[in-house]
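*Asks:* Dropping a structure here in structure tokens format, bear with me for questions.
The values are calculated or read from the model by the stated rules, or taken from the named source; none is laboratory data. Everything numeric in this text was worked out from a predicted model, so none of it was measured. Because the Cβ atoms are built from the backbone with ideal geometry, glycine has one as well, and the counts that use them run over all protein chains shown. These area figures cover heavy atoms from the full protein model, side chains too; ligands, DNA and RNA do not enter into them. Shrake-Rupley method; radii C 1.70, N 1.55, O 1.52, S 1.80 Å.
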Amino acid sequence: MSHDTKTKLVYMANQIATFFKSQPQSEAAQGVATHINKFWDPRMRRQLFEILENEENGLDALVLQAAPLIRKPEPVTH
């Protein structure tokens, strides 16, 4: 994954988190996860999980909180 792609996905995930911070705290992480599950294709979610593997990934704390609720796509087989 290119640095550009990673930067764009982190930016997009953080924008989603910023929106859901206006929701009640008990619903915010679920809102982030639901949005990503609904609108991000499996390739994007797969790349997000690759980003999550790095400790210093630039992701908002709310994205990190939502991560266990995001559906992990099947690995790509060639």
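*Asks:* Starting with the highest mean, order 9-21, 31-43 by the number of other Cβ atoms within 10 Å, averaged over the residues of each peptide. Walk me through the intermediate numbers first.
*Replies:* Details: 9-21: 17.6, 31-43: 16.0.
The packing order, highest mean first, is 9-21, 31-43.
*Asks:* Let a ≥ b ≥ c be the square roots of the eigenvalues of the Cα gyration tensor of the range 2-69; is it rounded (a/c under 1.5), or, if not, prolate (a/b larger than b/c) or oblate? Provide the component values of the computation, followed by the final result.
*Replies:* Numbers: a/c = 1.81, a/b = 1.54, b/c = 1.18.
In terms of gyration-tensor shape, prolate.
*Asks:* Take the Cβ-Cβ distance between Glu53 and Gln23 as r, set R0 to 30 Å, and report the resulting FRET efficiency rounded to the nearest 0.05.
*Replies:* Numbers: r = 27 Å, r/R0 = 0.91.
Computed FRET efficiency for Glu53 and Gln23: 0.65.
*Asks:* Probe of 1.4 angstrom, ligands and nucleic acids ignored: what's the accessible area per residue over the range 10-78, in square angstrom? All intermediate terms of the calculation are to be shown ahead of the outcome.
*Replies:* Details: 4560 Å² over 69 residues.
It amounts to 66 Å² per residue over the range 10-78.
*Asks:* Okay, next question. What are the ³J(HN,Hα) couplings of the range 70-76, residue after residue, when phi is run through the Karplus curve with 6.51, -1.76, 1.60 and θ = phi - 60°? Round to Hz, x for glycine and proline.
*Replies:* Residue by residue, the range 70-76 yields 8, 6, 8, x, 5, x, 6 Hz.
*Asks:* When the Karplus curve 6.51 cos²θ - 1.76 cosθ + 1.60 is applied with θ = phi - 60°, which whole-Hz ³J(HN,Hα) does each residue of the range 8-15 get, with x for Gly and Pro?
*Replies:* Per residue, the Karplus-derived 3J(HN,Hα) values read 5, 5, 4, 4, 5, 4, 5, 5 Hz.
*Asks:* In sequence order, what are the phi-derived ³J(HN,Hα) couplings for the range 26-34 according to the Karplus relation 6.51 cos²θ - 1.76 cosθ + 1.60 with θ = phi - 60°, rounded to whole Hz, with x for glycine and proline?
*Replies:* Each residue of the range 26-34 in turn: 5, 10, 5, 5, 5, x, 4, 4, 4 Hz.
*Asks:* On the protein heavy atoms, probe 1.4 angstrom, tell me the percent of accessible surface of the chain carried by carbon and sulfur. Intermediate values should be presented prior to the final figure.
*Replies:* Details: 2780 of 5300 Å².
Within the chain, the accessible surface is 53 percent carbon and sulfur.
*Asks:* Find how much the distance from Glu74 to Gln15 grows on full extension, using 0.36 nm per residue of separation minus their present alpha carbon separation; answer in nm with one decimal. Mind dumping the intermediate values first?
*Replies:* On the way: separation 59, 0.36 × 59 = 21.24 nm, distance 2.54 nm.
Length gained, Glu74 through Gln15: 18.7 nm.
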